[in-house]
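Heads up: the structure comes next, in structure tokens.
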Amino acid sequence: MSEKSVQKKKYIVETARNVFMEKGFKAVTMKDIVEACEISRGGLYLYFQNTGELFEEVLKLEQEETDDVFEKSIPEGASPSDILALFLKEQKKELLNLKPSLNIAVYEYFFACNPPSRDNLLKKQFEQAVYVIEKLIQAGNESGEFYCGDPRGAARNIMYVLEGLKIASQTRGIQEAAVDREILYVMQGLIGEEY
């Protein structure tokens, strides 16, 4: 793919992200994307055959950007507990963010169009996050910062708590105090009551 084609595809994905944020997944048509990008229908179909294919590219871009921002925010020499606390702080910001996001579109997409399977993108992202948190907990155990007998189980639990909070924030709203309480509970489970 030429550099011009790469840039055009990136423009389509970035523009489509805004459309999905505004309308969710189910309500978006290829016509909506064509209009938002101000390109021809054929120009769009050169890159994407349907909204599902395009949405998966949006999700990949979103994950890459999130990973980049998080990695750049980790101070040099940060301890495992510092990194986990930073991760939880970033999650809190996302949970309390009232700006448009892809959360509703993500749930619509996976509920309607992509039943759970081995290659489910959301499942892969979840498992990758569990793996990273597990490694942080293991490193924290080794350094004496954490006291956790089941790092993998604790990592899965953290991700399930965050997922539940994310759904709650989208469906009924959530208060900052509730997020703080759950994060405190997670950290106390790893380092004891004095946190």
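Table: residues versus (1) touching a Pro at 6+ places or on another chain (Cβ under 9 Å); (2) outside any helix (DSSP H, G or I); (3) at pLDDT below 95.
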site: 16; (1), (2), (3): no, no, no
site: 19; (1), (2), (3): no, no, no
site: 26; (1), (2), (3): no, yes, yes
site: 31; (1), (2), (3): no, no, no
site: 34; (1), (2), (3): no, no, no
site: 42; (1), (2), (3): no, no, yes
site: 52; (1), (2), (3): no, no, yes
site: 60; (1), (2), (3): no, no, yes
Only one of 73, 101, 5, 117 that is of a type in the set (Ser, Thr, Tyr) and modelled with pLDDT of 85 or more:
5
Please indicate, with yes or no, whether at least one residue in segment 181-191 is out of contact with any strand residue (DSSP E or B) (no Cβ under 8 Å at 6 or more places or on another chain) and more than 15 Å from residue 88 (Cβ to Cβ).
no
Would you please list the contacts, defined by Cβ atoms under 9 Å and residues six or more apart or on different chains, that run from a residue in segment 122-145 that is within 29 Å of residue 57 (Cα to Cα) to a residue that is at pLDDT 90 or above and not in a helix (DSSP H, G or I)?
136/146
Filtering segment 165-179 for residues that are under 19 Å from the mean Cα position of the chain (by Cα), in a helix (DSSP H, G or I) and surrounded by 12 or more Cβ atoms within 10 Å (Cβ to Cβ) leaves a count of 7
Taking segment 25-84, which residues are in contact (Cβ under 8 Å) with a residue 12 or more places away in the chain, closer than 30 Å to residue 146 by Cα and more than 21 Å from the chain's Cα centre (by Cα)?
79
Considering residues that are surrounded by 14 or more Cβ atoms within 10 Å (Cβ to Cβ) and not aromatic (Phe, Trp, Tyr), the number found within segment 67-87 is 8
Of all residues in segment 64-86, count the ones that are closer than 19 Å to residue 183 by Cα and assigned to a helix (DSSP H, G or I).
8
Cβ pairs under 9 Å, 6+ apart, first in segment 4-24 and closer than 11 Å to residue 37 by Cα, second at pLDDT below 95 and of a type in the set (Gly, Ala, Ser):
8/43; 12/43
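The values are calculated or read from the model by the stated rules, or taken from the named source; none is laboratory data. Nothing here was measured: the structure is a model prediction, and the numbers come from that model. Glycine gets a Cβ as well: all are built from the backbone with ideal geometry, and neighbour counts include every protein chain shown.
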